[in-house]
Amino acid sequence: MQRKMLAALAVAVLAGCGVTEAARQATTAPTIAPAGRPSITGWLTPDAQTPATDGVSGDMEWKQAALGALESEGVTLLSALPADVMQFCPGYARQTRENRAAFWAGLVSAIVERDARPEARERRLPLMQISLPDARANGCGGAMTDGAANARCAVRIMAQAVARDGAIAGRSGAGNSGWTGLARNWLPLRSDRQRGEIAGWTRRQSYCR
């Protein structure tokens, strides 16, 4: 009987040592740091479609500026689901952060393509049309003729417009004052024909399927 008790005690001690050792290893084992979120500008490839800049000198610089602006100024834009987004990008709700950024960059470029004169597009990279009062009202710094500053300001205005109105190009009444979302600032989105062309182009892109 005594031998059985001693054997049981020995097993308990050994088991306790095993638990202690396991606990020690668990608390001293190296931890794996969470992977940092990759930059959406690093994801950019030369064949990413932006119609206003394709084939224009400085095309990649413009795309880098647009995606960089989305990363710094467009955080809320990338997480938003505008009420009319399905018209422009049917697969938007299930897309990755990178594909959502690609959609907005493509949308900006499609707007610019229709907002700028053809001869201007041939000579230089086009810019979003942003008035000085609009730039000031939205807290934008830098000259609106500078590509990077222009892209940052455009994305800031877009993010605020979508957050405020919940739409890319909506109507709240008659006349020019009735436009909401991005259509408040950019005329191509007020034209049924041009808005249809823009939406038709973005819908065909791989990041919207």
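The values are calculated or read from the model by the stated rules, or taken from the named source; none is laboratory data. Computed from a predicted model, the values in this text were never measured in an experiment. Ideal geometry is used to build each Cβ from the backbone, glycine not excepted, and the neighbour counts take in all protein chains shown.
When the residues of region 142-170 are filtered to those that are in a helix (DSSP H, G or I) and not aliphatic (A, V, I, L, M), which remaining residue is nearest to D84 (Cα to Cα)?
D165
If you go through region 91-117 one residue at a time, how many are among the hydrophobic types (A, V, I, L, M, F, W, C) and free of Cβ contacts under 8 Å to residues at least 24 places away in the same chain?
Residues meeting the conditions: 1.
If we keep just the residues of region 180-209 that are of a type in the set (A, V, I, L, M, F, W, C) and touching a Pro at 6+ places or on another chain (Cβ under 8 Å), which is nearest to I111 (Cα to Cα)?
Ranking the candidates gives I198 first.
Residue-wise test of (1) in contact with a Phe, Trp or Tyr (Cβ under 7 Å, 6 or more places away or on another chain); (2) at pLDDT below 90; (3) buried (at least 22 other Cβ atoms within 10 Å of the Cβ).
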residue: P90; (1), (2), (3): no, no, no
residue: R100; (1), (2), (3): yes, no, yes
residue: W104; (1), (2), (3): no, no, yes
residue: L107; (1), (2), (3): yes, no, yes
residue: V112; (1), (2), (3): no, yes, yes
residue: E119; (1), (2), (3): no, yes, no
residue: R123; (1), (2), (3): no, yes, no
residue: I130; (1), (2), (3): no, no, no
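Being without any contact (Cβ under 8 Å) to a residue 40 or more places away in the chain, closer than 21 Å to N138 by Cα, assigned by TED's automatic domain parsing to the domain that holds L67 and touching a helix residue (DSSP H, G or I) at 6+ places or on another chain (Cβ under 9 Å) narrows it down to one residue among A183, A163, A159, A169; which is it?
Among A183, A163, A159, A169, only A183 is without any contact (Cβ under 8 Å) to a residue 40 or more places away in the chain, closer than 21 Å to N138 by Cα, assigned by TED's automatic domain parsing to the domain that holds L67 and touching a helix residue (DSSP H, G or I) at 6+ places or on another chain (Cβ under 9 Å).
Testing A135 on (1) closer than 22 Å to W62 by Cβ; (2) modelled with pLDDT under 90; (3) surrounded by 13 or more Cβ atoms within 10 Å (Cβ to Cβ), one condition comes back false. Which one is that?
Here A135 clears every test but (2).
Matching residues to (1) modelled with pLDDT under 95; (2) out of contact with any strand residue (DSSP E or B) (no Cβ under 7 Å at 6 or more places or on another chain); (3) surrounded by 17 or more Cβ atoms within 10 Å (Cβ to Cβ):
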{"position": "M60", "(1), (2), (3)": "yes, yes, no"}
{"position": "A66", "(1), (2), (3)": "yes, yes, yes"}
{"position": "S72", "(1), (2), (3)": "yes, yes, no"}
{"position": "V85", "(1), (2), (3)": "no, yes, yes"}
